[in-house]
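Novice: Can you keep this structure in mind? I'll have questions shortly.
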Amino acid sequence: MLLPEIVTVGIYNSNIAAKNTVISKKRKTSMFEIELPIEDGGISYINSSSKQIKPNMIICAKPGQVRHTRFPFKCYYVHMIIHSGTLYDALMDAPDFFEIDKSETYEEIFIKLVKHYNTLSDSKEIILQSLLLELIYTITRDSTKKIKNGTSNNTYTLIEKSLKYIKENLTENLTLENVAKAMSISPIHFHNTFKTAVGKTLRDYIEEQRIKRATNLLLTTNFSLTQIAYDCGFSSQSYFSYVFKRKMKVTPREYVREIYNKYEI
């Protein structure tokens, strides 16, 4: 399992960091950005989704997403890089926004992260990694529970079935119309239901799953880029490379070199 590379941890306060600014500029994220609001604030925007900022929520922005914020905004935050593996998959599958029942559980983790990030102890990295694993586990557990509890049994069954269908048919032409037809539901209704339950559009989810499979094939096989492209459902090698670089900030081959050099695998 590839562990996260911590980029920064801290507390953000727009009243100090962006004084006299109403709304931040749009930017494309290059890593995972997990935030726990400390108090009521403005609005957080990620791609086409938005959410009123409240203390009882988690914001989980992924690499390649476009985000900006209407201030005020005060939060704990951790920014980390994960290229692939179980932890990467868990965070990519988490909703961009979801409400939490016990914010104190997350607050305790973030307070410890901030405390140990700013120390010089020999055990700093071990403690930080254990806290990040706890945070990711808690996010996975609570976001899955929210999706299940926040929908009817029929809706949850539909979403569960559609996710399974997508993962088993990534090489197919997974348009909204085709997936909705497979689920025996109208495209408009399926789009609204899927986005509400999963926290992202069908297109974004499918693209994430294809890139996820591609990263695994790049690291575990000697397949050509063309073969990987077709095995992951992309129409061509050039389009695969374009989407991969847009999402991962590097080309497929550069990605492999980075991982091999870093982890010596």
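The values are calculated or read from the model by the stated rules, or taken from the named source; none is laboratory data. All values reported here derive from a predicted model rather than from experimental measurement. Positions of Cβ are generated from backbone atoms using ideal geometry, with glycine treated the same way; all protein chains shown enter the neighbour counts.
Novice: Does Leu174 count as in contact (Cβ under 8 Å) with a residue 12 or more places away in the chain, aliphatic (A, V, I, L, M) and either closer than 30 Å to Lys51 by Cα or crowded, with 20+ Cβ neighbours inside 10 Å (or both)? Break it down stepwise before answering.
Specialist: Values: in contact (Cβ under 8 Å) with a residue 12 or more places away in the chain: yes; aliphatic (A, V, I, L, M): yes; either closer than 30 Å to Lys51 by Cα or crowded, with 20+ Cβ neighbours inside 10 Å (or both): yes.
Yes; evaluated as a whole, the condition is true for this residue.
Novice: Scan segment 88-95 and tell me whether some residue there is touching a His at 6+ places or on another chain (Cβ under 6 Å), among the acidic types (Asp, Glu) and assigned by TED's automatic domain parsing to the domain that holds Ile136.
Specialist: The answer is no, given that none of the residues of segment 88-95 is touching a His at 6+ places or on another chain (Cβ under 6 Å), among the acidic types (Asp, Glu) and assigned by TED's automatic domain parsing to the domain that holds Ile136.
Novice: If you don't mind, there's one more thing I want to ask. Specify which of the listed residues (Ala214, Ala180) is more than 24 Å from Ile59 (Cβ to Cβ), without any contact (Cβ under 8 Å) to a residue 12 or more places away in the chain and surrounded by 13 or more Cβ atoms within 10 Å (Cβ to Cβ). Don't jump to the end; show me each part of the working.
Specialist: Working: Ala214 fails: without any contact (Cβ under 8 Å) to a residue 12 or more places away in the chain.
Selected residue: Ala180, the only one of Ala214, Ala180 that is more than 24 Å from Ile59 (Cβ to Cβ), without any contact (Cβ under 8 Å) to a residue 12 or more places away in the chain and surrounded by 13 or more Cβ atoms within 10 Å (Cβ to Cβ).
Novice: Further question: State whether the residues of segment 69-79 include one that is over 19 Å from Leu3 (Cα atoms), charged (D, E, K, R), in the same structural domain as Leu218 (by TED's automatic domain parsing) and out of contact with any Pro (no Cβ under 9 Å at 6 or more places or on another chain).
Specialist: Quick first cut of segment 69-79, residues over 19 Å from Leu3 (Cα atoms) only: 69-76.
After this cut, where a residue has to be charged (D, E, K, R) as well, the list is 70, 74.
Still in the list and also in the same structural domain as Leu218 (by TED's automatic domain parsing): none.
For segment 69-79, residues over 19 Å from Leu3 (Cα atoms), charged (D, E, K, R), in the same structural domain as Leu218 (by TED's automatic domain parsing) and out of contact with any Pro (no Cβ under 9 Å at 6 or more places or on another chain): absent.
Novice: Can you confirm whether segment 119-126 contains a residue that is surrounded by 15 or more Cβ atoms within 10 Å (Cβ to Cβ) and either in contact with a helix residue (DSSP H, G or I) (Cβ under 7 Å, 6 or more places away or on another chain) or outside any helix (DSSP H, G or I) (or both)?
Specialist: The answer is no; no qualifying residue exists.
Novice: Okay, moving on. From Thr151, Thr155, grab the single residue that is crowded, with 16+ Cβ neighbours inside 10 Å, of a type in the set (Ser, Thr, Tyr), modelled with pLDDT under 95 and not in a helix (DSSP H, G or I).
Specialist: Working: Thr155 fails: not in a helix (DSSP H, G or I).
Just a single option satisfies the conditions, and that option is Thr151.
Novice: Every residue in segment 83-113 that is crowded, with 16+ Cβ neighbours inside 10 Å, more than 25 Å from Ile159 (Cα to Cα) and modelled with pLDDT of 90 or more, please.
Specialist: Those that are crowded, with 16+ Cβ neighbours inside 10 Å, more than 25 Å from Ile159 (Cα to Cα) and modelled with pLDDT of 90 or more: Ser103, Tyr106, Ile109, Phe110, Lys112, Leu113.
Novice: Working carefully through the options Lys200, Lys212, Lys245, Lys181, find the one that is touching a strand residue (DSSP E or B) at 6+ places or on another chain (Cβ under 9 Å) and outside the structural domain of Pro63 (by TED's automatic domain parsing).
Specialist: Only one candidate qualifies: Lys200.
Novice: Sticking with this structure for a sec: So which residues in segment 217-240 are among the small types (Gly, Ala, Ser) and either over 25 Å from Glu168 (Cβ atoms) or touching a residue at least 24 places away in the same chain (Cβ under 8 Å) (or both)?
Specialist: Gly233, Ser238
Novice: Any chance segment 207-220 includes a residue that's over 22 Å from Phe244 (Cα atoms), out of contact with any Leu (no Cβ under 8 Å at 6 or more places or on another chain) and of a type outside the set (D, E, K, R)?
Specialist: Taking segment 207-220 first, the residues over 22 Å from Phe244 (Cα atoms) are none.
Looking for residues that are over 22 Å from Phe244 (Cα atoms), out of contact with any Leu (no Cβ under 8 Å at 6 or more places or on another chain) and of a type outside the set (D, E, K, R), one finds none in segment 207-220, hence no.
So that you can scan it fast, the table gives a plain yes or no per residue for (1) modelled with pLDDT under 95; (2) of a type outside the set (Ser, Thr, Tyr):
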position: Ile6; (1), (2): yes, yes
position: Ile11; (1), (2): no, yes
position: Val22; (1), (2): no, yes
position: Ser30; (1), (2): yes, no
position: Leu36; (1), (2): no, yes
position: Ser48; (1), (2): yes, no
position: Ile58; (1), (2): no, yes
position: Gln65; (1), (2): yes, yes
position: Val78; (1), (2): no, yes
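Novice: Checking the conditions here, which among Leu133, Leu128 is in contact with a strand residue (DSSP E or B) (Cβ under 8 Å, 6 or more places away or on another chain) and closer than 22 Å to Tyr88 by Cβ?
Specialist: It is Leu128.
Novice: Let me ask you something else. Among the listed residues Ser24, Ser44, Ser50, Ser30, identify the single one that is under 21 Å from Lys249 (Cβ atoms), in contact with a strand residue (DSSP E or B) (Cβ under 6 Å, 6 or more places away or on another chain) and of a type in the set (Ser, Thr, Tyr).
Specialist: Answer to the selection: Ser24.
Novice: Moving on to the next point. Filter segment 162-203 down to residues that are small (Gly, Ala, Ser) and outside any helix (DSSP H, G or I) and give me whichever is modelled with the lowest pLDDT.
Specialist: First, pick out the residues of segment 162-203 that are small (Gly, Ala, Ser): 162, 180, 182, 184, 186, 197, 199.
Remaining after also requiring outside any helix (DSSP H, G or I): 184, 186, 199.
Values: Ser184: 93, Ser186: 93, Gly199: 78.
Only one residue tops the list, namely Gly199.
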